[in-house]
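Asks: Structure incoming, see below.
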Amino acid sequence: MNEALANYLASSQAQEWSVSLLRGVPGLPPISQAIHIVGVAVIMGTAVMIDLRVLGLAVPSQKLDEMVKRLAPWTWWALVVNVVTGMPYIFAQPYRYLLNPVFGIKMACLVPALLVTFSLYSTLKKSPSFWETSNARQLGAKLLAALSIALWITVIFGGRWIAYSDYIFWNE
């Protein structure tokens, strides 16, 4: 499936547009990558801060629902920024990304990371005390928070290692 998508993108208008954009706008690649990294930092900072609060390891004086109300918009807007700054690279070099096993690992962890984060956030938005009403729910929240942290760390490592996959998956 990835190969079919890569083939499709490689011959698409999106590929031509992305290559033209990245080559034609002076300084765009390093600027957009820097913005992408800031977006990663914002996502990681907000999601992990909430996860650490759920785990009881940070900001115990802050009510969890208030923290989510303040930080969630930062998470979601940074995600939008990262989609916008990341897609031109995928479109410009679809084989480099879509056939890269490290990119696959990153995406395979990104989707559940987003789902776990969204489920924690949305549950707290609907019912601020949901995770506190029983020991089982508290344990569930802590397990989700720990899973979230592990997934976000894997996403960050995956994103960073994409450029070095030739060294990780050495083929002689």
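Asks: Which pairs do you get when a residue that is touching a residue at least 60 places away in the same chain (Cβ under 8 Å) and within 21 Å of LYS142 (Cβ to Cβ), found in the range 57-82, comes within reach of a residue that is basic (Lys, Arg) and assigned to a helix (DSSP H, G or I), reach meaning Cβ atoms under 6 angstrom, with the pair 6+ apart or on two chains?
Replies: From residues that are touching a residue at least 60 places away in the same chain (Cβ under 8 Å) and within 21 Å of LYS142 (Cβ to Cβ), the pairs are LEU64/ARG53.
Asks: Among the residues of the range 119-148, write down those that are over 15 Å from MET67 (Cα atoms), free of Cβ contacts under 8 Å to residues at least 24 places away in the same chain and within 24 Å of the chain's Cα centre (by Cα).
Replies: GLY140, LEU143
Asks: Now for a different question. Output the residues belonging to the range 66-86 that are touching a Pro at 6+ places or on another chain (Cβ under 9 Å) and either buried (at least 17 other Cβ atoms within 10 Å of the Cβ) or not in a helix (DSSP H, G or I) (or both).
Replies: Listed by number, the list holds a single entry, VAL68.
Asks: If you don't mind, another one. Within the range 1-60, considering only helices (runs of 4 or more DSSP H) that don't extend past its boundaries, which have at least 3 residues that are within 19 Å of the chain's Cα centre (by Cα) and surrounded by 16 or more Cβ atoms within 10 Å (Cβ to Cβ)? So that I can check it myself, show each step before the final result.
Replies: Values: elements: 2-10, 13-24, 28-54.
So the answer is 28-54.
Asks: Would you call ARG70 among the charged types (D, E, K, R), under 21 Å from ILE37 (Cβ atoms) and more than 16 Å from the chain's Cα centre (by Cα)?
Replies: No; evaluated as a whole, the condition is false for this residue.
Asks: Another question, then. Taking the range 51-94 as the region of interest, how many residues are touching a helix residue (DSSP H, G or I) at 6+ places or on another chain (Cβ under 7 Å), more than 30 Å from ALA163 (Cβ to Cβ) and of a type in the set (A, V, I, L, M, F, W, C)?
Replies: So the answer is 8.
All of the numbers you see were taken from the coordinates with simple rules; none came from a lab. Predicted, not measured: the structure shown is a model, and the values here were computed from it. Backbone-built Cβ (ideal geometry, glycine too); neighbour counts: all protein chains shown.
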